[in-house]
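For reference, the structure is listed below as structure tokens.
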Amino acid sequence: MTPEAAEKEKISTYLRSLGAYVFRPVQRGMGTATVDLLVCLHGRFIAIEVKVKPEKPTKRQKIVLDQIKAADGCTLVAYSVDDVEEFLEPFFGG
């Protein structure tokens, strides 16, 4: 398992422990491009692109995150579960 895949699994497990719906799409070049994790938590739509430092989102990933934000969704580039916890704190208290 790659370091990024391991982090996706840790983040998914954490989110599910909070009662979130977590969808991890498998991108195969067909359909609409998206990010690593699509999440619904307490009525909020959250899109998460998971990276391993020092990687950054690609241009396509940035476009998708911007589209989701423009539709009033929440977006995050996460490098760890700690990033997700910190992001959720203002909304849900962690």
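Bear in mind these aren't lab numbers, they're just calculated from the coordinates by the rules spelled out. Computed from a predicted model, the values in this text were never measured in an experiment. All Cβ positions, even for glycine, are placed from backbone atoms using ideal geometry, and neighbour counts span all protein chains on display.
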Dipole of the stretch 3-92 [Lys/Arg +1, Asp/Glu -1 at C-beta], most positive-end residue of PRO54, PRO3, GLN27: GLN27
The stretch 3-92: antiparallel DSSP beta bridges as a percent of all, rounded to 5: 60
All aspartates and glutamates inside 15 Å of LYS8 as judged from Cα atoms, apart from same-chain residues fewer than 8 positions distant: ASP36, GLU49, GLU55, ASP82, ASP83, GLU85
Among THR34, THR75, THR58: highest mean-square fluctuation, GNM of the chain, C-alpha pairs under 10 Å: THR58
Spatial separation of Cα centroids for the stretch 2-21 and the stretch 26-94, in angstrom: 12
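When the helix-only estimate is applied to the chain (DSSP H runs of n ≥ 4, each -39,500 (n - 2.57), divided by the residue count), what is the mean residue ellipticity at 222 nm, nearest 500 deg cm²/dmol?
Calculated from helices alone, the mean residue ellipticity at 222 nm is -13000 deg cm²/dmol.
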Total charge dipole magnitude, the stretch 1-82, about the Cα centre, Cβ charges on Lys, Arg, Asp, Glu only, Debye to nearest 20: 160
Built amide H within the under 5 Å cut-off of THR75, gap 5+: ALA47
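Which value, in nm² and rounded to one decimal, describes the direction-averaged projected area of the C-alpha convex hull of the stretch 3-92?
For the Cα atoms of the stretch 3-92, the hull's average projected area reads 5.8 nm².
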